[in-house]
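Asker: Before I ask anything, let me first share the structure, which is written out below as C-alpha coordinates.
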Amino acid sequence: TRASRLAHAAQGKRLYEFASRRMAGPEASLLGARSALVGGFYATSNALAAAALGVPPMGTLSDGFFAAYGSSSRALEAFSVHFPSVGFVNLPDGSPFEAVKALEPYRELIRMVRVDSSNLASDSRMVRQALNRTGMNEVRILGSGSLDEDAIRGLILQRAPVDLLAVGKALVKPMPGLGFSYRLAEIWRGPDPEPCLHPGGARVPGRKQVLRQAEGDLVCHVDEEHLFEGQPLLQPLVAQGERVLEVPPVQESRQRCLDALEALPPEVRASPPDRPWPVRLSDRLSQLSLG
(Lines give C-alpha, C1' and ligand atoms only; values in the text may rest on other atoms or scores of the structure.)
Protein backbone atom coordinates (compact mmCIF):
# COMPACT_ATOMS: atom_id res chain seq x y z
CA THR A 1 0.00 0.00 0.00
CA ARG A 2 2.77 2.45 0.86
CA ALA A 3 4.62 1.63 -2.35
CA SER A 4 1.44 2.21 -4.34
CA ARG A 5 0.88 5.61 -2.71
CA LEU A 6 4.47 6.61 -3.48
CA ALA A 7 4.16 5.45 -7.10
CA HIS A 8 0.93 7.40 -7.49
CA ALA A 9 2.60 10.56 -6.15
CA ALA A 10 5.46 10.13 -8.64
CA GLN A 11 3.07 10.54 -11.60
CA GLY A 12 4.90 8.21 -13.92
CA LYS A 13 8.48 8.83 -12.82
CA ARG A 14 10.29 5.57 -12.16
CA LEU A 15 10.77 4.63 -8.50
CA TYR A 16 13.57 2.43 -7.17
CA GLU A 17 13.48 0.48 -3.91
CA PHE A 18 16.47 1.43 -1.74
CA ALA A 19 15.06 0.16 1.57
CA SER A 20 16.60 -3.32 1.87
CA ARG A 21 19.47 -2.23 4.10
CA ARG A 22 16.93 -0.88 6.59
CA MET A 23 14.89 -4.09 6.76
CA ALA A 24 15.11 -6.43 9.74
CA GLY A 25 16.95 -9.34 8.17
CA PRO A 26 17.30 -10.97 4.74
CA GLU A 27 13.80 -12.47 4.59
CA ALA A 28 12.14 -9.15 5.42
CA SER A 29 14.27 -7.34 2.85
CA LEU A 30 13.29 -9.87 0.16
CA LEU A 31 9.58 -9.58 0.99
CA GLY A 32 9.87 -5.79 1.26
CA ALA A 33 11.46 -5.58 -2.18
CA ARG A 34 8.69 -7.74 -3.63
CA SER A 35 6.00 -5.59 -2.04
CA ALA A 36 7.58 -2.43 -3.46
CA LEU A 37 7.69 -3.96 -6.94
CA VAL A 38 4.07 -5.10 -6.74
CA GLY A 39 3.08 -1.62 -5.58
CA GLY A 40 4.57 0.05 -8.65
CA PHE A 41 8.34 0.35 -8.19
CA TYR A 42 10.50 -0.43 -11.19
CA ALA A 43 13.58 -2.10 -9.69
CA THR A 44 15.30 -2.96 -6.40
CA SER A 45 18.72 -2.41 -4.86
CA ASN A 46 18.49 -5.92 -3.37
CA ALA A 47 20.55 -8.10 -5.72
CA LEU A 48 19.09 -11.34 -4.32
CA ALA A 49 15.53 -10.06 -4.75
CA ALA A 50 16.29 -8.94 -8.29
CA ALA A 51 17.61 -12.39 -9.21
CA ALA A 52 14.80 -14.24 -7.43
CA LEU A 53 12.00 -12.11 -8.86
CA GLY A 54 13.36 -11.58 -12.36
CA VAL A 55 13.55 -7.78 -12.20
CA PRO A 56 16.41 -5.33 -12.85
CA PRO A 57 18.84 -4.67 -9.97
CA MET A 58 19.56 -1.03 -9.30
CA GLY A 59 22.58 0.48 -7.60
CA THR A 60 25.18 3.21 -7.92
CA LEU A 61 28.86 3.68 -7.41
CA SER A 62 28.57 4.33 -3.68
CA ASP A 63 30.30 6.65 -1.24
CA GLY A 64 32.03 3.56 0.15
CA PHE A 65 33.50 2.83 -3.29
CA PHE A 66 34.84 6.37 -3.49
CA ALA A 67 36.27 6.07 0.03
CA ALA A 68 37.97 2.75 -0.73
CA TYR A 69 39.99 4.28 -3.55
CA GLY A 70 40.83 7.50 -1.73
CA SER A 71 39.77 9.87 -4.50
CA SER A 72 36.92 10.25 -6.94
CA SER A 73 39.25 10.04 -9.96
CA ARG A 74 40.75 6.67 -8.91
CA ALA A 75 37.32 5.32 -7.95
CA LEU A 76 35.82 6.33 -11.29
CA GLU A 77 38.76 4.82 -13.17
CA ALA A 78 38.29 1.50 -11.35
CA PHE A 79 34.53 1.65 -11.88
CA SER A 80 34.98 2.17 -15.63
CA VAL A 81 37.23 -0.91 -15.78
CA HIS A 82 35.08 -3.29 -13.72
CA PHE A 83 31.60 -2.02 -14.68
CA PRO A 84 31.95 -0.41 -18.12
CA SER A 85 28.25 -0.80 -19.01
CA VAL A 86 26.70 0.43 -15.75
CA GLY A 87 27.42 4.15 -15.53
CA PHE A 88 25.29 4.84 -12.44
CA VAL A 89 27.23 6.91 -9.90
CA ASN A 90 26.68 8.93 -6.76
CA LEU A 91 27.55 12.58 -7.09
CA PRO A 92 31.06 13.01 -5.66
CA ASP A 93 31.64 15.29 -2.68
CA GLY A 94 31.88 19.04 -3.18
CA SER A 95 29.64 21.65 -4.73
CA PRO A 96 27.43 20.44 -7.60
CA PHE A 97 29.66 22.16 -10.16
CA GLU A 98 32.88 20.74 -8.68
CA ALA A 99 31.32 17.28 -8.43
CA VAL A 100 30.19 17.27 -12.05
CA LYS A 101 33.61 18.53 -13.13
CA ALA A 102 35.13 15.45 -11.46
CA LEU A 103 32.83 13.28 -13.59
CA GLU A 104 33.61 15.03 -16.87
CA PRO A 105 36.62 12.87 -17.86
CA TYR A 106 34.29 9.86 -17.71
CA ARG A 107 31.41 11.45 -19.56
CA GLU A 108 31.20 8.54 -22.01
CA LEU A 109 30.70 6.16 -19.06
CA ILE A 110 28.20 8.16 -16.98
CA ARG A 111 24.53 7.46 -17.66
CA MET A 112 22.97 8.53 -14.37
CA VAL A 113 24.00 10.62 -11.38
CA ARG A 114 22.42 10.16 -7.95
CA VAL A 115 21.78 13.39 -6.04
CA ASP A 116 21.08 12.62 -2.37
CA SER A 117 19.89 15.82 -0.73
CA SER A 118 17.42 17.22 1.78
CA ASN A 119 17.04 20.18 -0.60
CA LEU A 120 16.62 18.12 -3.72
CA ALA A 121 14.67 20.62 -5.83
CA SER A 122 17.37 23.32 -5.80
CA ASP A 123 20.36 20.96 -5.77
CA SER A 124 19.03 18.98 -8.73
CA ARG A 125 18.69 22.23 -10.69
CA MET A 126 22.32 23.12 -10.03
CA VAL A 127 23.43 19.62 -11.02
CA ARG A 128 21.33 19.75 -14.19
CA GLN A 129 22.89 23.10 -15.13
CA ALA A 130 26.36 21.75 -14.47
CA LEU A 131 25.72 18.60 -16.50
CA ASN A 132 24.36 20.58 -19.44
CA ARG A 133 27.25 23.05 -19.25
CA THR A 134 29.75 20.20 -19.65
CA GLY A 135 27.81 18.64 -22.53
CA MET A 136 26.37 15.78 -20.44
CA ASN A 137 22.79 16.59 -21.43
CA GLU A 138 21.78 12.94 -21.73
CA VAL A 139 22.83 12.03 -18.19
CA ARG A 140 19.77 11.49 -16.00
CA ILE A 141 19.39 12.49 -12.37
CA LEU A 142 18.34 10.01 -9.69
CA GLY A 143 16.97 11.91 -6.70
CA SER A 144 16.95 10.65 -3.11
CA GLY A 145 16.91 11.98 0.42
CA SER A 146 14.13 10.91 2.83
CA LEU A 147 11.55 10.97 0.06
CA ASP A 148 7.91 10.30 0.95
CA GLU A 149 4.61 11.08 -0.78
CA ASP A 150 4.63 14.76 0.21
CA ALA A 151 8.26 15.29 -0.81
CA ILE A 152 7.68 13.61 -4.17
CA ARG A 153 4.57 15.70 -4.84
CA GLY A 154 6.60 18.80 -3.98
CA LEU A 155 9.27 17.88 -6.53
CA ILE A 156 6.60 17.37 -9.19
CA LEU A 157 4.93 20.72 -8.40
CA GLN A 158 8.28 22.52 -8.50
CA ARG A 159 9.19 20.77 -11.75
CA ALA A 160 12.52 19.72 -10.31
CA PRO A 161 14.76 18.19 -13.01
CA VAL A 162 14.78 14.80 -11.30
CA ASP A 163 14.25 11.96 -13.76
CA LEU A 164 14.19 8.99 -11.36
CA LEU A 165 13.49 8.59 -7.64
CA ALA A 166 15.03 6.33 -4.99
CA VAL A 167 12.99 5.65 -1.84
CA GLY A 168 14.23 3.91 1.31
CA LYS A 169 12.97 4.96 4.72
CA ALA A 170 9.36 5.63 3.65
CA LEU A 171 9.00 2.00 2.58
CA VAL A 172 10.06 0.75 6.00
CA LYS A 173 8.04 3.10 8.19
CA PRO A 174 4.40 2.07 8.66
CA MET A 175 1.75 4.35 7.25
CA PRO A 176 0.42 6.83 9.83
CA GLY A 177 -2.51 5.42 11.77
CA LEU A 178 -2.17 1.93 10.31
CA GLY A 179 -2.16 -0.87 12.87
CA PHE A 180 -2.71 -4.61 12.84
CA SER A 181 -4.17 -7.08 15.31
CA TYR A 182 -4.86 -10.81 14.97
CA ARG A 183 -8.35 -12.21 15.51
CA LEU A 184 -9.63 -15.74 14.90
CA ALA A 185 -12.50 -15.20 12.45
CA GLU A 186 -14.37 -18.50 12.71
CA ILE A 187 -13.99 -22.07 13.99
CA TRP A 188 -15.65 -25.30 12.85
CA ARG A 189 -19.00 -24.64 14.53
CA GLY A 190 -19.41 -21.28 12.76
CA PRO A 191 -19.04 -17.60 13.62
CA ASP A 192 -19.53 -16.84 17.30
CA PRO A 193 -19.64 -13.16 18.42
CA GLU A 194 -17.64 -12.45 21.54
CA PRO A 195 -16.41 -9.22 23.14
CA CYS A 196 -13.29 -7.74 21.59
CA LEU A 197 -11.44 -5.57 24.10
CA HIS A 198 -8.23 -5.02 22.09
CA PRO A 199 -8.12 -1.42 20.76
CA GLY A 200 -8.73 -1.49 17.03
CA GLY A 201 -9.61 -5.18 17.03
CA ALA A 202 -12.18 -6.46 14.54
CA ARG A 203 -15.73 -6.57 15.89
CA VAL A 204 -17.19 -8.58 13.01
CA PRO A 205 -16.62 -12.36 13.16
CA GLY A 206 -16.96 -14.85 10.30
CA ARG A 207 -15.03 -15.96 7.22
CA LYS A 208 -15.34 -13.06 4.84
CA GLN A 209 -15.24 -12.24 1.17
CA VAL A 210 -14.76 -8.73 -0.22
CA LEU A 211 -16.64 -7.93 -3.42
CA ARG A 212 -15.48 -4.98 -5.52
CA GLN A 213 -18.57 -3.24 -6.88
CA ALA A 214 -18.97 -0.17 -9.04
CA GLU A 215 -19.56 2.23 -6.15
CA GLY A 216 -17.66 0.58 -3.32
CA ASP A 217 -16.74 -2.70 -1.62
CA LEU A 218 -19.15 -5.11 0.04
CA VAL A 219 -17.82 -7.30 2.86
CA CYS A 220 -19.94 -10.43 3.22
CA HIS A 221 -19.69 -13.93 4.66
CA VAL A 222 -18.19 -16.47 2.26
CA ASP A 223 -21.38 -18.54 2.39
CA GLU A 224 -23.43 -15.64 0.98
CA GLU A 225 -21.00 -14.54 -1.73
CA HIS A 226 -23.24 -16.04 -4.43
CA LEU A 227 -26.08 -13.68 -3.44
CA PHE A 228 -24.26 -10.56 -4.62
CA GLU A 229 -22.65 -9.19 -7.75
CA GLY A 230 -19.08 -7.97 -7.81
CA GLN A 231 -15.49 -9.08 -8.29
CA PRO A 232 -14.22 -11.23 -5.38
CA LEU A 233 -10.94 -9.82 -4.08
CA LEU A 234 -9.92 -12.59 -1.66
CA GLN A 235 -8.52 -15.92 -2.83
CA PRO A 236 -7.31 -18.78 -0.61
CA LEU A 237 -3.59 -19.47 -0.85
CA VAL A 238 -3.49 -22.40 1.58
CA ALA A 239 -6.25 -24.86 2.50
CA GLN A 240 -5.91 -27.79 4.93
CA GLY A 241 -2.21 -27.03 5.14
CA GLU A 242 -1.66 -27.34 1.37
CA ARG A 243 -0.94 -24.56 -1.10
CA VAL A 244 -3.85 -24.23 -3.53
CA LEU A 245 -2.72 -21.15 -5.46
CA GLU A 246 0.78 -20.64 -6.77
CA VAL A 247 2.39 -17.25 -6.24
CA PRO A 248 2.33 -15.46 -9.61
CA PRO A 249 5.40 -13.69 -11.03
CA VAL A 250 5.95 -10.27 -9.49
CA GLN A 251 5.31 -8.58 -12.84
CA GLU A 252 1.84 -10.18 -12.98
CA SER A 253 1.04 -9.09 -9.43
CA ARG A 254 2.28 -5.58 -10.21
CA GLN A 255 0.02 -5.32 -13.27
CA ARG A 256 -2.98 -6.58 -11.29
CA CYS A 257 -2.29 -3.96 -8.62
CA LEU A 258 -2.04 -1.18 -11.23
CA ASP A 259 -5.23 -2.34 -12.95
CA ALA A 260 -7.13 -2.38 -9.65
CA LEU A 261 -5.96 1.14 -8.82
CA GLU A 262 -6.82 2.41 -12.29
CA ALA A 263 -10.37 1.11 -11.83
CA LEU A 264 -10.90 3.34 -8.78
CA PRO A 265 -12.32 6.85 -9.28
CA PRO A 266 -9.67 9.62 -9.52
CA GLU A 267 -10.95 11.33 -6.38
CA VAL A 268 -10.33 8.13 -4.42
CA ARG A 269 -6.83 7.65 -5.89
CA ALA A 270 -5.87 11.23 -5.01
CA SER A 271 -3.33 11.64 -2.21
CA PRO A 272 -4.81 12.58 0.16
CA PRO A 273 -8.12 11.25 -1.20
CA ASP A 274 -10.91 13.74 -1.88
CA ARG A 275 -13.38 11.17 -0.63
CA PRO A 276 -13.14 7.71 0.96
CA TRP A 277 -13.91 4.53 -0.96
CA PRO A 278 -17.18 3.21 0.53
CA VAL A 279 -17.01 -0.13 2.34
CA ARG A 280 -20.20 -1.67 3.73
CA LEU A 281 -21.15 -4.88 5.51
CA SER A 282 -23.77 -7.33 4.33
CA ASP A 283 -26.87 -7.62 6.51
CA ARG A 284 -25.67 -10.99 7.85
CA LEU A 285 -22.32 -9.61 8.98
CA SER A 286 -24.01 -6.51 10.41
CA GLN A 287 -26.18 -8.75 12.57
CA LEU A 288 -23.07 -10.59 13.82
CA SER A 289 -21.23 -7.35 14.53
CA LEU A 290 -20.68 -6.27 18.12
CA GLY A 291 -21.03 -2.61 17.08
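The values are calculated or read from the model by the stated rules, or taken from the named source; none is laboratory data. Since the structure is predicted, the reported quantities are computational estimates derived from the model, not experimental observations. Don't worry about glycine lacking a Cβ; one is built from the backbone with ideal geometry, like all the others, and counts go over all protein chains shown. Only protein heavy atoms, including side chains, enter the accessible area calculation; ligands, DNA and RNA are left aside. Shrake-Rupley method; radii C 1.70, N 1.55, O 1.52, S 1.80 Å.
Asker: So what is the diffusion coefficient of the chain in µm² per second by Stokes-Einstein at 20 °C and 1.002 mPa s, using a Kirkwood Rh over Cα pairs?
Answerer: Result for D is 97 µm²/s.
Asker: Could you tell me what percent of the accessible area of the chain is made up of carbon and sulfur, with a 1.4 Å probe and every protein chain present?
Answerer: Roughly 54 percent, rounded to a whole number.
Asker: At 0.36 nm per residue, and after removing the present C-alpha to C-alpha distance, how many nm does the segment from LEU157 to GLN213 gain when stretched out fully?
Answerer: Full extension of this stretch gives 16.8 nm more.
Asker: Continuing with the same structure: Say we join alpha carbon atoms closer than 10 Å with springs in a Gaussian network model of the chain; which of ASP192, ASP148, ASP217 then has the biggest fluctuation?
Answerer: ASP192
Asker: I need the peptides 269-280, 13-24, 37-48 ranked by packing, meaning the mean over residues of other C-beta atoms within 10 angstrom, with the highest value on top.
Answerer: Values: 269-280: 11.7, 13-24: 19.6, 37-48: 21.3.
Per-residue Cβ counts within 10 Å, averaged per peptide and sorted highest first, yield 37-48, 13-24, 269-280.
Asker: May I pose another question? Which distance in nm do the two modelled labels at SER71 and GLN251 give, with both placed 7 Å along the Cα-to-Cβ direction?
Answerer: 4.5 nm
Asker: Helix 250-262: angle to the longest alpha-carbon principal axis of the chain, degrees 0 to 90, nearest 10?
Answerer: 70 degrees
Asker: While we're on this one: Give the lysines reachable from LYS173 as a straight Cα distance under 30 Å; neighbours fewer than 8 places away on the same chain don't count.
Answerer: LYS13, LYS208
Asker: Determine, at each q value in 0.10, 0.14, 0.22 (inverse angstroms), the log₁₀ of I(q)/I(0) that the Debye formula gives when each Cα of segment 198-291 is one equal point scatterer.
Answerer: Those come out to -0.36, -0.71, -1.22, one per q.
Asker: Under a straight-distance cross-link criterion of Cα-Cα below 17 Å, which lysines are reachable from LYS101, leaving out those fewer than 8 residues away in the same chain?
Answerer: Output for LYS101: empty list, no partners.
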